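Notes to accompany the following structure.
Nothing in this text is a laboratory measurement; each read-out follows from the coordinates by a stated rule. Just so you know, these numbers come straight off a predicted model, no measurement behind them. Here the Cβ is made from the backbone with ideal geometry for all residues, glycine too, and neighbour counts use every protein chain on show.
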Amino acid sequence: MLSVAISMLMSSCYTQKYMVGEGSQTGVETKEKNNYFLFGLVDGKISDPTNMADGVENYSVTTEMTFVDGLLSALTWGIYSPTTTKVEK
């Protein structure tokens, strides 16, 4: 019963990954937050993976709602719902 409750609580965390070109070559990472408000209906500051890559042709992008992002969303009742974008060059 407890494991079912925990899995239901963790189901909102997500990860989206994709590669541009050949994907990451050097392993250098850059992270930025994306800000959404009112349950994601209103955009705030949103990161641009192309700018984060600094002109590199091969990189990997991961956008996720981390545990901390989910906790912030839960504590604000969805008024503030951040995600994290990570670009690995």
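A few points about this structure:
- Filter result (part of a helix (DSSP H, G or I) and either in contact (Cβ under 8 Å) with a residue 24 or more places away in the chain or not hydrophobic (A, V, I, L, M, F, W, C) (or both)) within the range 55-89: Phe67, Asp69, Gly70, Ser73
- So Lys31, is it in contact with a Lys or Arg (Cβ under 6 Å, 6 or more places away or on another chain), surrounded by fewer than 19 Cβ atoms within 10 Å (Cβ to Cβ) and not in a helix (DSSP H, G or I): yes
Per-residue answers, yes or no, for (1) in contact with a helix residue (DSSP H, G or I) (Cβ under 7 Å, 6 or more places away or on another chain); (2) under 18 Å from Val28 (Cα atoms); (3) not polar (S, T, N, Q):
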position	(1), (2), (3)
Lys45	no, no, yes
Thr50	no, yes, no
Val61	yes, yes, yes
Gly70	yes, no, yes
Ser73	no, no, no
Ile79	no, no, yes
Lys89	no, yes, yes
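- Cβ pairs under 8 Å, 6+ apart, first in the range 16-41 and farther than 16 Å from Val56 by Cβ, second among the polar types (S, T, N, Q) and assigned to a loop (DSSP other than H, G, I, E, B): Lys33/Ser47; Asn34/Ser47; Tyr36/Ser81; Phe37/Ser81; Phe39/Ser81; Gly40/Ser81
- Subset tally (residues that are under 21 Å from Lys17 (Cβ atoms) and either part of a helix (DSSP H, G or I) or among the β-branched types (Val, Ile, Thr) (or both)) for the range 34-54: 5
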